[in-house]
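Right, one structure below, let's go through it.
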Amino acid sequence: MATIKKLLIANRGEIARRIIRTCRQQGIATVAVYSDVDATLPHVREADQAVCLGPAAARESYLVIHKIITAAKETGADAIHPGYGFLSENTELAAACEQAGIIFVGPNARAIEVMGDKAAARQLMADSGVPVLPGFDEDGASDETLLAASDSVGFPLLIKAVAGGGGKGMRVVNSANAFAESLAAARREARSAFGDDRVLLERYLPTARHVEVQVFADNYGNAVHLFERDCSVQRRHQKVIEEAPAPGLDEQTRQAFGNAAVQAALAIDYRGAGTVEFLYAPDGQFYFMEMNTRLQVEHPVTEMITGEDLVAWQLAVAAGEPLPKAQQQIQRHGHAMEVRLYAENPEQGFLPSSGLLSHLRWPHELARVDAGYEQGDRVEEFYDPMIAKLICYGEDRQAARQKLINALNRLELQGIHHNAPFLRRVLADEAFALAELDTRLLEHRPHLLE
Ligand SMILES: Nc1ncc2cc(-c3cccc4ccccc34)c(N3CC[C@@H](N)C3)nc2n1
């Protein structure tokens with residue numbers, strides 16, 4: 001058992017403020033890190049201490065492991081929380097923390113490594129009885145081997161980069177005569193994006209929902225799930241709207257999802273917060289897609305329906321405490337829905353937008369607002385353009401959706417282009433309102449993107 005007295009948050013924006021919020025409630029001192037353009041942002045002001053990492057470019061600041069470790073040592077932080085993005089799934093940071101005797105608030109490096117290799121992840125899931133799609137994932141298979149395997153996988157199939165994830169390095173192949181060329185292209189893309197041209201094959205599910213399960217495991221062999229989230233509404237693999245619970249699931253299916261995710265966590269001897277992503281097919285079957293070894297952007301919808309503080313859970317597990325609750329103690333009630341507010345211009349192909357937030361009023365009275373910025377702050381284009389999340393809770397899905405529409409209508413945000421009008425169109429869309437969810441909803445309803 002260790003006590004975390006001071007936590008360094010190796011991140012910025014809304015997630016840094018959100019982590020600071022829990023630390024303050026727990027009496028844990030906080031250290032923020034920032035690049036010189038972020039010096040006046042709220043997460044820097046709200047932390048007890050702050051360390052400048054240097055230039056704006058992430059590769060010279062937020063991604064520089066030795067600078068983060070040095071900041072932790074110089075301020076006497078006994079733990080580091082990576083948040084999401086940046087170094088949150090980087091095994092070297094986990095290893096550097098271990099080297100420096102600093103607690104890494106995240107899973108063991110081995111789990112990060114295995115889940116980062118999509119072929120190893122699939123094999124491990126299949127071995128532990130988690131449903132996986134028909135496919136071929138022999139490590140380092142040659143083009144000839146893959147060509148022969150493509151017949152048994154069947155078409156349409158997906159060629160997926162082993163080192164990929166989140167939709168990067170994927171190619172749909174509809175027929176055998178297109179396979180060789182698609183394989184060459186997929187390998188080229190994987191080599192340039194990840195420096196690793198290994199690929200795997202998987203039967204392509206053209207129509208499916210993205211349903212993911214929040215899991216938590218501690219150092220004592222306990223693993224639980226905190227129910228599922230539906231994140232099907234995505235634009236170019238960027239989640240737009242997330243909700244919990246997944247609409248239209250009967251209790252038996254809900255339990256099957258939860259059990260499969262817990263099986264996955266136990267199979268890799270997991271620690272901390274994790275998310276097991278599944279493809280949910282129209283016939284009611286679901287299949288393992290990926291496992292994320294970090295706290296997700298969309299974790300607030302799970303917090304709202306369970307009443308749990310997932311960052312507090314992360315800190316407890318990282319300090320060597322057992323999980324705060326056993327499975328049967330974790331309750332679910334009502335419905336929560338989240339939208340991600342991006343500094344992007346929907347009228348210009350969602351290009352990133354920057355500028356001074358000359359006028360800004362968050363609708364705190366109508367929604368939980370996890371925001372990275374306040375009025376008078378500048379949004380720059382160096383980092384992920386997400387500036388805030390608006391999350392609403394209701395007794396049922398319609399109530400949560402209506403509250404979110406109201407909150408977006410009351411949002412006052414001037415000085416940058418943003419996607420609120422787009423979010424309002426999707427929330428008001430009939431198919432979305434009827435929960436006719438599918439990962440290609442926006443593809444099938446292009447008018448929502450204009
Ligand atoms: N075998 C098979 N069939 C269909 C798939 C469709 C997608 C997919 C493709 C495009 C958008 C998506 C949005 C949410 C979830 C999945 C997708 C997909 N993804 C997208 C990112 C990564 N999570 C894997 N894998 C798939 N795998």
Sorted from largest down, give the three principal axis spans of the alpha carbons of segment 38-134, whole angstrom values. 51, 26, 22
When N counts the residues of the chain, how does its alpha-carbon radius of gyration compare numerically with 2.2 N^0.38 Å, as a ratio? 0.96
All-pairs Cα distance distribution in segment 364-411, expressed in whole percent, bin size 5 Å: 5, 20, 24, 20, 15, 10, 5, 2
Between Thr207 and His66, how high is the FRET efficiency from 1/(1 + (r/R0)^6) when r is the Cβ-Cβ distance and R₀ = 45 Å? Nearest 0.05. 0.45
Integer Hz, Karplus 6.51/-1.76/1.60 couplings in order for segment 190-203, x for Gly and Pro: 5, 4, 6, 7, 10, x, 8, 9, 5, 9, 10, 10, 8, 3
Got a number for carbon plus sulfur as a percent of the chain's accessible area, 1.4 Å probe? 48 percent
If the only charges are +1 at each Lys and Arg Cβ and -1 at each Asp and Glu Cβ, what is the size of the charge dipole of the chain around the Cα centre, to the nearest 20 debye? 760 debye
Restricting attention to the alpha-carbon atoms of segment 332-450, what are Rg (one decimal) and Dmax (integer), both in Å? 14.5, 40
Here, segment 107-211 modelled as identical Cα point scatterers in vacuum has Debye log10 I(q)/I(0) at q = 0.12 Å⁻¹ of -0.38
Remind me, relative contact order of the chain in percent, using alpha carbon pairs under 8 angstrom and six or more residues apart? 14 percent
What relative contact order, as a whole-number percentage, does segment 132-242 give when Cα pairs under 8 Å and 6 or more residues apart are counted? 24 percent
When each pair of different Cα atoms in segment 1-93 is counted once in the 1/r mean, what is the Kirkwood radius in angstroms, to one decimal? 12.9 Å
For the chain, calculated [θ]222 nm from helices alone, where every DSSP H run of n ≥ 4 adds -39500 (n - 2.57): -10000 deg cm²/dmol
Treating only the Cβ of Lys, Arg, Asp and Glu as charged (+1, +1, -1, -1), what charge dipole size does segment 171-308 show about its Cα centre? Round to the nearest 20 debye. 620 debye
Using DSSP, restrict attention to beta bridges with both residues in the chain and report what percent are antiparallel, rounded to the nearest 5. 80 percent
Where the chain is the region considered: accessible area per residue in Å², 1.4 Å probe: 40 Å²
For segment 236-360 the translational diffusion coefficient, Stokes-Einstein from a Kirkwood Rh over Cα pairs at 37 °C and viscosity 0.692 mPa s, in µm²/s, is roughly 192 µm²/s
Based on the inverse mean of 1/r over its pairs of different Cα atoms, what is the Kirkwood hydrodynamic radius of segment 190-257, in Å? 15.0 Å
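The values are calculated or read from the model by the stated rules, or taken from the named source; none is laboratory data. Remember, predicted model here, so these are calculated numbers, not experimental data. Quick reminder, even Gly has a Cβ in these numbers, built from the backbone with ideal geometry, and neighbours come from all protein chains shown. Surface areas here come from the heavy atoms of the whole protein model, side chains and all, with no ligands, DNA or RNA. Shrake-Rupley method; radii C 1.70, N 1.55, O 1.52, S 1.80 Å.
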